[in-house]
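Any read-out appearing in this document is the output of simple, stated calculations on the displayed coordinates, not a laboratory observation. Keep in mind that what you see is a predicted model, and the values were worked out from it rather than measured. Here Cβ is always computed from backbone atoms with ideal geometry, including for glycine, and neighbour counts include all displayed protein chains.
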Amino acid sequence: MAESERPGATKVDLSLVISYICGSVVAPTLLEVKKLECVRGDRRLFSGLDFSLPAGTYLQVTGPNGSGKTSLLRILCGLLAPAEGEIKWEGENIRSLAEDYFTSVTYLGHRHNVKDELSAIENLRISNALNGIFISKELALEVITRIGLAGRESLPARLLSEGQRRRVALARLLTCGTKLWLLDEVLSSLDKGAVALIRSLIEEHLAGGGIAIVATHQDLSVATGSSQRLELAT
Amino acid sequence: MLRWIVWRDLTLAWRRRADILSTVFFFIIVVSLFPLGIGPETQLLRSIAPGVIWVAALLASMLSLSRLFANDLQDGTLEQLLLTPQPLFLVVLGKVLAHWIVSEIPLVLIAPLVGLQFDIPGETLFILVVSLLVGTPVLSLIGSVGAALTLGLRGGGVLISILVLPLYIPALIFGAGAVEASIIGASPAPHLYLLGAFAIVSLIFSPWATAAALRISLE
């Protein structure tokens, strides 16, 4: 009984060692997408989508309106189930990872994710706390200052402008500490200074071994990491 | 975690106090219309009181149900709640708990006052409060399933009532039954036990059902 178990155990160890060696030579693939197909209503938005992203990759998703950029990002973060295909994060299907996957992902949709009744600081602290990250008032104030909202940190968000509310939502990127960023049309209604800030945030993120997938029409021209482009057709 | 979601919803509710007050005033007015319409026939009033107060509580809780997830859907924070690294039923449980504190507890507290209009004796008023205290969590729990299922639909408010009110019937029967038993001098305990059992069953099943319904609604 014991002898028949032993070969199995060494096999597992070997494969771990192999993957470890390979991982140290080339950047390991974090996100792997296989034969992804998305159907909304009776329209097929895309099918047979394959790509794999190693750490430190910036992927810009472009395409005309209605080509499925938002649907792709929502599938990648697990909000939407794909019609076919699978998504693997660090080699495991995200369906089987379930809630554990969300500790590695930050998704910012084109809606602001900001509560109008709460101030910038409260929004930031609560959205972080719900993701299991507790930040002090001082740290929150620091982040809000860096994102360019100093002096407006205690105003209710409904008194802020479109762009300022977008900044409050983006402030989460500074504290979330996740590896995969999925950003959907986040550059809309942002001024030049804020776009430059987002660019530097993404560059820092890529340098730290993260992945950023951004659906946008504007070119962000990220300098660090490897840059890829995915064009969705209608 | 649960603490944060409850605190978040309580803070939001406090910043929109008018919503809470409208629920409470609706309850007070609906209950008060009956003695005014029927006149000072104490015997009749006493016998309809349990049913009237309980039905008014059901209708009042309908008012706030459509807001349970709709506001969060609109500004995109509901998506973020679905993407938090914890079981979704816990998030739902937190939101339901906050809804119960904000929308149902005020009704429980005001019920003995409006009950006075029906010439209910003091001991029965106490049973009324107890029955509402045990029964109102059912309203929030089952209501959350309806709110999640009708999320983002046009005319969702009416649809929630059609979906959820029939499911409230056991709570109504045992809740009003307990008060009625107390009025005629019988023991309200059996009704309260059954009401409690119903509350526990809905506590076990409805957060899961609501979580599943939310996932479907957001696809």
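Which value, in debye to the nearest 20, gives the size of the charge dipole of the protein assembly as shown about its Cα centre, when Lys and Arg are +1 and Asp and Glu are -1 at the Cβ? Walk me through the numbers before you get to the answer.
Numbers: 36 positive and 38 negative charges, 146 e Å.
Computed about the Cα centre, the dipole is about 700 debye.
Can you pull the semi-axes for segment A:159-203, root of five times each eigenvalue of the Cα gyration tensor, sorted largest first, whole Å? Could you put the intermediate results ahead of the total?
Numbers: eigenvalues 63, 29, 18 Å².
One finds semi-axes of 18, 12, 9 Å for segment A:159-203.
On alpha carbon coordinates alone, what is the Rg over Rh value for segment A:115-180, Rh being the Kirkwood radius? Intermediate values should be presented prior to the final figure.
On the way: Rg = 10.8 Å, Rh = 11.6 Å.
Taking Rh as the inverse mean 1/r over Cα pairs, Rg/Rh reads 0.93.
Using helices alone, I'd like the mean residue ellipticity at 222 nm for the protein assembly as shown: each DSSP H run of four-plus residues gives -39500 (n - 2.57), total over residue count, nearest 500.
Details: 19 runs with 265 residues, N = 453.
Taking each H run of at least 4 residues, the total per residue is -19000 deg cm²/dmol.
Summing +1 for each Lys or Arg and -1 for each Asp or Glu, what net charge is found among the other residues whose Cβ lies under 13 Å from the Cβ of A:Pro82?
On the way: positive: A:Lys34, A:Lys35, A:Arg40, A:Arg44, A:Arg74, A:Lys88, A:Arg95; negative: A:Glu37, A:Asp50, A:Glu84, A:Glu86, B:Glu219.
Cβ neighbours under 13 Å give a net charge of +2.
What are the extents of the Cα atoms of segment A:26-125 along their three principal axes, listed from largest to smallest and rounded to whole Å?
43, 38, 25
Antiparallel as a % of all DSSP beta bridges within the protein assembly as shown, to the nearest 5?
Working: 16 of 35 bridges.
About 45 percent, rounded to the nearest 5.
Based only on other Cβ atoms within 10 Å, what is the fewest-to-most ordering of B:Met1, B:Met62?
Working: B:Met1 16, B:Met62 21.
Arranged by neighbour count, lowest to highest, B:Met1, B:Met62 become B:Met1, B:Met62.
Just for chain A, what percent of DSSP beta bridges are antiparallel, to the closest 5? Show your work: numbers first, answer last.
Values: 16 of 35 bridges.
Approximately 45 percent, going by the DSSP bridge assignments.
Stokes-Einstein at 4 °C, 1.567 mPa s, Kirkwood radius from Cα pairs: D for chain A in µm² s⁻¹?
On the way: Rh = 19.3 Å.
The estimated diffusion coefficient comes to 67 µm²/s.
What does the highest-first list of B:187-195, A:150-158 look like by mean Cβ count within 10 Å? Intermediate results must be reported in sequence, preceding the final value.
Numbers: B:187-195: 18.0, A:150-158: 14.3.
Going by the mean number of other Cβ atoms within 10 Å, highest first, we get B:187-195, A:150-158.
If one takes the longest principal axis of the Cα atoms in chain A, at what angle in degrees, from 0 to 90 and to the nearest 10, does the Cα axis of helix A:137-146 lie?
Orientation of helix A:137-146: about 80 degrees from the principal axis.
Regarding the protein assembly as shown, what are the three Cα extents along the principal axes, ordered largest first, in Å?
Cα spread of the protein assembly as shown along its principal axes, largest to smallest: 87, 69, 47 Å.
Could you work out the relative contact order of chain B, using alpha carbon pairs under 8 angstrom and six or more residues apart, expressed as a whole percent?
Numbers: 253 pairs, mean separation 59.1, N = 219.
Dividing the mean separation by the residue count of chain B yields 27 percent.
Gaussian network model of chain B, Cα springs within a sub-10 Å range: biggest mean-square fluctuation belongs to which of B:Arg46, B:Arg15, B:Arg67?
Evaluated over chain B, the most mobile residue of the options is B:Arg15.
Which cross-chain or sequence-distant (5 or more) residues have an amide H under 5 Å from the amide H of A:Ile211, H modelled 1.01 Å from N in plane?
A:Gly56, A:Leu180, A:Trp181
Which of B:Leu33, B:Leu149, B:Leu165 moves most in a GNM of chain B, Cα contacts under 10 Å?
B:Leu33
Roughly how many debye, to the nearest 20, is the charge dipole of segment B:2-218 about its Cα centre, given +1 on each Lys and Arg Cβ, -1 on each Asp and Glu Cβ, and no other charges? List each step's numbers first, then the result.
On the way: 10 positive and 10 negative charges, 105 e Å.
Dipole size: approximately 500 debye.
What number does segment B:2-218 give for Rg over Rh if you use C-alpha atoms and the Kirkwood radius? Walk me through the numbers before you get to the answer.
Details: Rg = 17.6 Å, Rh = 17.7 Å.
In segment B:2-218, Rg relative to Rh is 0.99.
Working from Cα positions, state the angle (0 to 90°, nearest 10) between the long axis of helix A:120-130 and the longest principal axis of chain A.
With both axes taken from Cα atoms, the answer is about 20 degrees.
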